[in-house]
Amino acid sequence: MTLMDRKHHWDKVYQTKSADSVSWFQPHAETSLRLIEGVAPDKRASIIDVGGGASKLVDGLLDDGYLDLSVLDLSGQALSVAKNRLGEKAGCVSWIEGDITKVCLPAHRYDIWHDRAVFHFLTEADDRQAYVAQVLKAVKPGGHVIVASFAEDGPEKCSGLEVVRYSPDKLHSQFGGTFRLLGHEREAHRTPAGKEQLFVYCYCRVENN
């Protein structure tokens, strides 16, 4: 699937479905918030939510008092949903529309890189390598990386697209020794339709950058 095809796919999703009806919707991003707060007690920490789209994680981070937030997504439609929901608060967030494997990000800009459910859509090795290169470029030395994907016993597809499922070790191995694994955990996500989706979260520190 080409970049334009992927963009069209995700824009269509948010044009035809309400944000709270898609399978990945969380009314409150509890696990992500807890992990971010655990490594970033300083509210001035620079945080980027990759694939954040219409996610309510940014709402929770704003409510918690974080001051330097960026949300990146391929779908401008998804970003518009979040901006409209936040109203005036949207002006406190940097919104980036682009493909994470190709977008130009500033060097050593972020203290925290968060991604819930983008990485598992990268089914090609070249795309995964480009993603990791973006992390190495954009995250500060000593910064933290929180990535969640479908677990090995999670769904094989999402939104009609193939995914790659991961164990904690397999997910961490995609990033390499520069990323020191601090921990991992599983999450049983309940979709709006009542189905269970199993995720694995890995959280790392960038040792050398």
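Bear in mind that the values in this text are calculations on the coordinates, not laboratory data. Note that the structure is predicted; figures quoted are calculated from it, not measured. Glycine also receives a Cβ, built like all others from the backbone with ideal geometry; neighbour counts cover every protein chain displayed.
Could you check the simple spin-label distance between ARG128 and ASP169, using points 7 Å along Cα→Cβ, in nm with one decimal?
1.5
Residue by residue through the range 20-37, which ³J(HN,Hα) values in whole Hz follow from phi under the Karplus form 6.51 cos²θ - 1.76 cosθ + 1.60 (θ = phi - 60°), with glycine and proline marked x?
Computed from phi, the couplings for the range 20-37 are 8, 10, 6, 5, 8, 5, 10, x, 8, 7, 4, 5, 4, 4, 4, 5, 5, 4 Hz.
Simple spin-label model, 7 Å along Cα-to-Cβ: ASP153 to THR16 in nm?
My value for the distance between the label points is 3.3 nm.
Where both partners of a DSSP beta bridge lie in the chain, what percent of those bridges are antiparallel, to the nearest 5?
50
Output the relative contact order of the range 115-209, whole-number percent, from Cα pairs under 8 angstrom with separation of 6+ residues.
Contact order relative to length: 35 percent.
Counting only GluC sites (Glu not before Pro) that sit in a DSSP loop (anything but H, G, I, E, B) with at most 12 other Cβ atoms within 10 Å, what is the longest stretch of the chain containing none of them?
On the way: sites that count: GLU124, GLU156, GLU207.
In short, 1-123.
About its Cα centre, how strong a charge dipole does the chain have in debye, to the nearest 20, once Lys and Arg get +1 and Asp and Glu get -1 at the Cβ? Can you show the working numbers first?
Details: 25 positive and 29 negative charges, 41 e Å.
The calculated dipole for the chain is roughly 200 debye.
Within 12 Å, Cβ to Cβ, of ASP127, how many net charges do the neighbouring residues add up to if Lys/Arg are +1 and Asp/Glu are -1?
Values: positive: ARG6, LYS102, ARG128; negative: ASP99, GLU124, ASP126.
Neighbour charge sum, excluding ASP127 itself: 0.
What are the ³J(HN,Hα) values, in whole Hz, obtained from phi via the Karplus relation 6.51 cos²θ - 1.76 cosθ + 1.60 with θ = phi - 60°, for each residue of the range 147-163 in sequence order, with x given for Gly and Pro?
10, 10, 9, 4, 6, 4, 9, x, x, 8, 9, 8, 6, x, 10, 5, 10
Step by step: find N for the chain, compute 2.2 N^0.38 Å, then divide the Cα radius of gyration by it. What's the final number?
Against the compact-globule rule of thumb, the ratio is 0.94.
Pick out, in residue order, every one of the trypsin sites (Lys or Arg not before Pro) in the range 26-113 that is DSSP loop and has at most 13 other C-beta atoms within 10 Å; say none if there are none.
Within the range 26-113, the qualifying trypsin sites (Lys or Arg not before Pro) (loop, at most 13 other Cβ atoms within 10 Å) are LYS43, ARG44, LYS102.
Excluding residues on the same chain fewer than 8 positions from LYS140, give the lysines whose Cα lies under 29 Å from its Cα.
LYS7, LYS43, LYS56, LYS83, LYS89, LYS102, LYS170
Averaging sequence separations of C-alpha pairs under 8 Å and six or more residues apart, then dividing by the length of the chain, give the relative contact order as a whole percent.
On the way: 390 pairs, mean separation 39.2, N = 209.
Over the chain, the number comes to 19 percent.
With each run of n ≥ 4 DSSP H residues scored as -39500 (n - 2.57), what mean residue ellipticity at 222 nm is computed for the chain after dividing by its residue count and rounding to the nearest 500 deg cm²/dmol?
Working: 6 runs with 62 residues, N = 209.
Taking each H run of at least 4 residues, the total per residue is -9000 deg cm²/dmol.
Around LEU171, with a cut-off of 13 angstrom between Cβ atoms, what is the net charge of the other residues, counting Lys and Arg +1 and Asp and Glu -1?
Once all neighbours under 13 Å are counted, the net charge is +1.
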